[in-house]
Amino acid sequence: MNKIIIGSDHAGFELKEKIRQYLKEIRYDTEDVGAYSEEAVDYPLIAKKAAKKAAKSSSKGILVCGSGIGMCIAANKIKGIRAALCYDRYTAKAAREHNNANILCLGARTESAKDYKEIIKIFLTTPASKEERHRKRVGQIEDI
């Protein structure tokens with residue numbers, strides 16, 4: 001069973017719980033780094049914890065906050081993380097194929113939140129491109 005690191009702030013807590021259940025249904029194990037309730041928490045701390053775990057274990061992650069933006073910005077501060085804010089099928093597929101993204105960020109208060117299952121499935125099942133141009137660009141990102 002594949003392990004996915006999941007985390008949210010208070011705004012994303014409800015959606016994160018739905019995601020955890022969905023991942024279980026499609027046979028993924030999860031490691032939940034918080035939040036554990038709707039009590040206010042600071043998203044950068046959750047993003048940092050999740051991103052460090054994902055980078056260390058070469059796991060994928062899913063982070064949720066109100067817009068998805070804050071989690072994405074914070075997670076991308078961790079070396080080895082390529083977090084992507086995805087809001088539809090195209091962005092989920094492109095994030096994996098072109099950028100070898102390893103953390104999916106979602107916005108719980110956005111219109112695309114209702115499509116979380118489809119976005120997650122595409123993100124988790126799309127392999128990174130083996131095309132040289134994409135591999136080169138991912139390498140250039142890593143060198144920054």
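The numbers here are math on the coordinates, done by the rules we state, and not lab data. Keep in mind that what you see is a predicted model, and the values were worked out from it rather than measured. Neighbour counts are summed over all protein chains in view; Cβ atoms, including those assigned to glycine, are modelled from backbone coordinates with ideal geometry.
Worth pointing out:
- Estimated 222 nm signal from helices in the chain, with DSSP H stretches of n ≥ 4 weighted -39500 (n - 2.57), rounded to 500: -14500 deg cm²/dmol
- The residues neighbouring Glu31, those whose beta-carbon lies less than 9 Å from its own, together hold a net charge of 0 under the Lys/Arg +1, Asp/Glu -1 convention.
- Rg/Rh for the chain stands at 0.94; both radii use Cα atoms, and Rh follows the Kirkwood definition.
- Between helix 43-57 and the chain: long-axis angle, C-alpha atoms, 0 to 90°, nearest 10: 50 degrees
- Degrees, to the nearest 10: 132-143 long Cα axis against longest axis of the chain: 60 degrees
- Taking Cβ separations below 4.7 Å as the criterion for a possible disulfide partner, the isolated cysteines in the chain are Cys65, Cys86.
- For region 12-20, the Karplus equation 6.51 cos²θ - 1.76 cosθ + 1.60, evaluated at θ = phi - 60°, returns couplings of x, 4, 4, 5, 4, 5, 5, 5, 4 Hz by residue, with Gly and Pro reported as x.
- Amide H partners (placed H, <5 Å) of Ile4, local residues excluded: Asp29, Thr30, Glu31
- If the chain linking Lys18 and Lys56 were pulled fully straight, counting 0.36 nm for each residue of separation and taking away their Cα-Cα distance, it would gain 11.1 nm.
- Relative to the current alpha-carbon distance between Ala40 and Glu132, full extension at 0.36 nm per residue lengthens the span by 28.7 nm.
- Taking every alpha-carbon pair under 8 Å whose residues sit at least 6 apart, the chain reaches a relative contact order of 22 percent.
- Per-residue extension of 0.36 nm, minus the Cα-Cα distance of Ile73 and Lys117, leaves a gain of 13.6 nm for this segment.
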